[in-house]
Amino acid sequence: KAGVTQTPRYLIKTRGQQVTLSCSPISGHRSVSWYQQTPGQGLQFLFEYFSETQRNKGNFPGRFSGRQFSNSRSEMNVSTLELGDSALYLCASSLVLAITNEQFFGPGTRLTVL
Amino acid sequence: DQQVKQNSPSLSVQEGRISILNCDYTNSMFDYFLWYKKYPAEGPTFLISISSIKDKNEDGRFTVFLNKSAKHLSLHIVPSQPGDSAVYFCAASGGRGGNQFYFGTGTSLTVIP
C-alpha cells in the first residue's frame, strides 16, 4: 500500500509570491491534516479536512488556506509569502473520523522563502 | 501558546541503557496522547499511544506512562538501540473532536554504541 505522498519535496520562492503544495493520502483515508514544522516550534497544526470539508483549523493567518478534493487529495496554499513561512510542511492522513486513529505522515515539502 | 512541551531538546544514552523522554501538557481536556519518531528527511512515524483512561501502555521495548494529575507523560525505551536515534515528538488531542493534534517541539535522542 502506497504511503502519503507530497509534492513537490523542495520549493524556493520569494517574498510576496504564492505557493501551492499537494498531498495524496493513503488510499481509503478520508482525513488529511496539514502541519508546519519549524525549528524550536515543533509541529504546528494548520487545518484538517474530512470529506472535502475543513473540520478543524489552527491559529494561522488567512494567507494559509487549503482544500480537499473528492478523491481525498488535498492542497495547501500560502499567499503573499513571508520569510517566516520558510518551514517543512507535513501532511498526514488517517482512516476515519476519530481522534484515536493513527495519523500517517508524508515526507514533507521543504519551503524556503527568500 | 505551546500546550504540549518537551523541555529537553536532546538526550544521549548508551546502547543497552534506558532512554526516558518527557512531555508536559497544559490543557486538561486532552485525553489521547501519542509519541512519534522522526528520522531526517522523513515524516514522523507513529510509535505508541495512550488514552487518558490508562496510566501505562507497553509495546515491546517502548512504554508510555501518563500522570494525569501532573499533566505529564513519558516514553521509556528499554533497552536503547542505535537505531532508536531520532527526534521524538509527543502529541495530544481531545476536547474538540476531529484530528487536531498538538505537538511538542521534539527531543533528539542519540544512542551511543
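Structure notes:
- Mean projected area (nm²) of the alpha-carbon convex hull when chain A is viewed from all directions: 6.7
- Its Cα centre serving as origin, chain A has a Cβ charge dipole (Lys and Arg +1, Asp and Glu -1) of approximately 160 debye.
- Placing unit charges on the Cβ atoms of the charged side chains and taking the dipole of chain A about its Cα centre, the candidate lying farthest along the positive direction among A:Gln44, A:Leu95, A:Leu21 is A:Leu21.
- Exposure proxy ranking, count of Cβ atoms within 10 Å, fewest first, for A:Leu95, A:Leu83, B:Leu75: A:Leu83, A:Leu95, B:Leu75
- Taking θ as phi - 60° and the Karplus parameters 6.51, -1.76 and 1.60, the scalar couplings of region B:34-44 work out to 9, 10, 10, 10, 9, 8, x, 6, 10, x, x Hz in sequence order, x denoting glycine and proline.
- Summing Cβ point charges (Lys, Arg +1; Asp, Glu -1) relative to the Cα centre of chain B gives a dipole of roughly 140 debye.
- The orientation-averaged shadow of the Cα convex hull for the protein assembly as shown, equal to a quarter of the hull surface, comes to 12.2 nm².
- Exposure proxy order (Cβ contacts within 10 Å, fewest to most) of A:Ile26, B:Ile53: B:Ile53, A:Ile26
- Of B:Leu11, B:Leu66, B:Leu34, the residue with the greatest mean-square motion in the GNM of chain B, using alpha carbon springs below 10 Å, is B:Leu11.
- Listed from fewest to most Cβ neighbours within 10 Å, the set A:Thr20, A:Thr14 follows the order A:Thr14, A:Thr20.
- Charge-dipole axis of the protein assembly as shown as Lys and Arg at +1 and Asp and Glu at -1 on Cβ define it, positive-most pick from B:Phe89, A:Gly3, B:Leu34: A:Gly3
- Dipole magnitude of the protein assembly as shown about its Cα centre (Cβ charges: Lys, Arg +1; Asp, Glu -1), debye to nearest 20: 300
- Projected label distance in nm at A:Thr80 and A:Lys13, using a 7 Å step from Cα toward the beta-carbon: 1.3
- Cleavage-rule hits (chymotrypsin sites (Phe, Trp or Tyr not before Pro)) in region A:1-80: DSSP loop, at most 14 neighbouring Cβ within 10 angstrom: A:Phe69
Rule-based calculations on the coordinates, nothing more; no lab input. Bear in mind the structure is a predicted one, so any value in this text is a computation, not a measurement. FYI the Cβ positions are ideal-geometry reconstructions off the backbone, even for glycines, and counts take in every protein chain you see.
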